[in-house]
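See structure below.
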Amino acid sequence: MALPSHISLFEVGPRDGLQNEKQVSTADKILLVENLAAAGVKRIEAASFVSPKWVPQMADSGEVLKGISRVAGVRYSALTPNLKGLELALDANASEVAVFAAASEGFSQKNINCSIEESIERFIPLIEKAKEHNLPVRGYVSCVLGCPYDGEIAVSEVARVSEILYKLGCYEISLGDTIGVGTPVKARKMVEAVAAKVPADKLALHFHDTYGQALANILACLESGIRTLDTSVAGLGGCPYAKGASGNLASEDLVYMLHGMGIDTGIDLGKLIEAGNRISAALGRQNGSKVARALS
């Protein structure tokens, strides 16, 4: 299979990134989302309606979604773990919502205090209600290449959970290497196993860069029919399971690689770097993207 001519970036910096950083102002979050849209990013995860007790960084998600100047053709997504989260996302006019399961029993218990099966049961009424409102639902599967509690994860289990979410009505399944331990051959075998159950063009890759493997892992999977990649501007978001380690892959680094390979993203790299530099300054930290540092 040949390389794709176009890749869609799903930008997770304002949610998955900032929830693992120190608190920034609502105005800074709104500016980040608007700057990403101005750079040509069409899919932005802007909010998370989880309990503010557990994730205080996301407590102002409703204000962020209501405060942004929206751009036609851009989708503003929100993470919704339960029906209450869905209600809040609807109230804030989210373009789509996301639910999250795990391929690891240990991670499911530690992260959302229930088994994999129980987590999926909880999503059924949420997905049904979202459908009533014509709201697309995205599904996340965590720990697809390893778990901080259970170690290596069987690809058959990743495929099983992905297929359940897809059949429940998730339009796309994002496969998360949550702790970034994957390597290229393992990543490709995992994607091929899942693609046997869920069409490859309905899959996204969400590879963390904890061990510096994310770009290599993505490259190994690009010929498998993957067309969507999750990344975080400026590499926002550490890895809570590996102290001091980087978490998300920086959007700028991926865009630079894809453009260098002749793969279109529709994103202006210069404007993307500016967006990353601005939020990094607001956080009082260095931009986590190697490309941004080289070109700034």
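Pairs, please: C-beta under 6 Å, at least 6 apart or cross-chain, first residue within 14 Å of residue 234 (Cβ to Cβ) and part of a helix (DSSP H, G or I) and in segment 262-288, second at pLDDT below 95 and not hydroxyl-bearing (Ser, Thr, Tyr)?
Cβ pairs passing all conditions: 283/21.
With the structure loaded, tell me whether residue 249 is under 17 Å from residue 2 (Cα atoms), at pLDDT 95 or above, out of contact with any Cys (no Cβ under 6 Å at 6 or more places or on another chain) and open to solvent by less than 10 Å² (accessible area, probe 1.4 Å) or whether it fails that test.
Taking the combined requirement at face value, the residue does not satisfy it.
The rows are residues; the columns are (1) modelled with pLDDT of 95 or more; (2) farther than 17 Å from residue 51 by Cβ.
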residue: 90; (1), (2): yes, yes
residue: 99; (1), (2): yes, no
residue: 110; (1), (2): no, no
residue: 127; (1), (2): yes, yes
residue: 135; (1), (2): yes, yes
residue: 149; (1), (2): no, yes
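Restricting attention to segment 150-164, which residues are surrounded by 15 or more Cβ atoms within 10 Å (Cβ to Cβ), over 13 Å from residue 189 (Cβ atoms) and over 16 Å from the mean Cα position of the chain (by Cα)?
Passing the criteria: 150, 157, 160, 161, 163, 164.
(1) of a type outside the set (Asp, Glu); (2) surrounded by 24 or more Cβ atoms within 10 Å (Cβ to Cβ); (3) free of Cβ contacts under 8 Å to residues at least 60 places away in the same chain: which one isn't true of residue 180, the others all being true?
(3)
So which residues in segment 82-93 are under 18 Å from residue 128 (Cβ atoms), open to solvent by 10 Å² or more (accessible area, probe 1.4 Å) and either in a loop (DSSP other than H, G, I, E, B) or touching a Phe, Trp or Tyr at 6+ places or on another chain (Cβ under 7 Å) (or both), if there are any at all?
If the condition is that a residue be under 18 Å from residue 128 (Cβ atoms), open to solvent by 10 Å² or more (accessible area, probe 1.4 Å) and either in a loop (DSSP other than H, G, I, E, B) or touching a Phe, Trp or Tyr at 6+ places or on another chain (Cβ under 7 Å) (or both), then 82, 88 are the ones that fit.
Any idea how many residues of segment 38-81 are part of a loop (DSSP other than H, G, I, E, B), open to solvent by 40 Å² or more (accessible area, probe 1.4 Å) and either at pLDDT 95 or above or touching a strand residue (DSSP E or B) at 6+ places or on another chain (Cβ under 9 Å) (or both)?
Count: 7.
Which residues, taken from segment 113-146, are crowded, with 19+ Cβ neighbours inside 10 Å, on the phi < 0 side of the Ramachandran plot and under 17 Å from the mean Cα position of the chain (by Cα)?
Of everything in segment 113-146, those that are crowded, with 19+ Cβ neighbours inside 10 Å, on the phi < 0 side of the Ramachandran plot and under 17 Å from the mean Cα position of the chain (by Cα) turn out to be 137, 138, 139, 140, 141, 142, 144, 145.
The values are calculated or read from the model by the stated rules, or taken from the named source; none is laboratory data. Nothing here was measured: the structure is a model prediction, and the numbers come from that model. We place every Cβ from the backbone using ideal geometry, glycine too, and count neighbours over all the protein chains shown. What goes into the accessible areas is simple: the full protein's heavy atoms, side chains included, and nothing from ligands, DNA or RNA. Shrake-Rupley method; radii C 1.70, N 1.55, O 1.52, S 1.80 Å.
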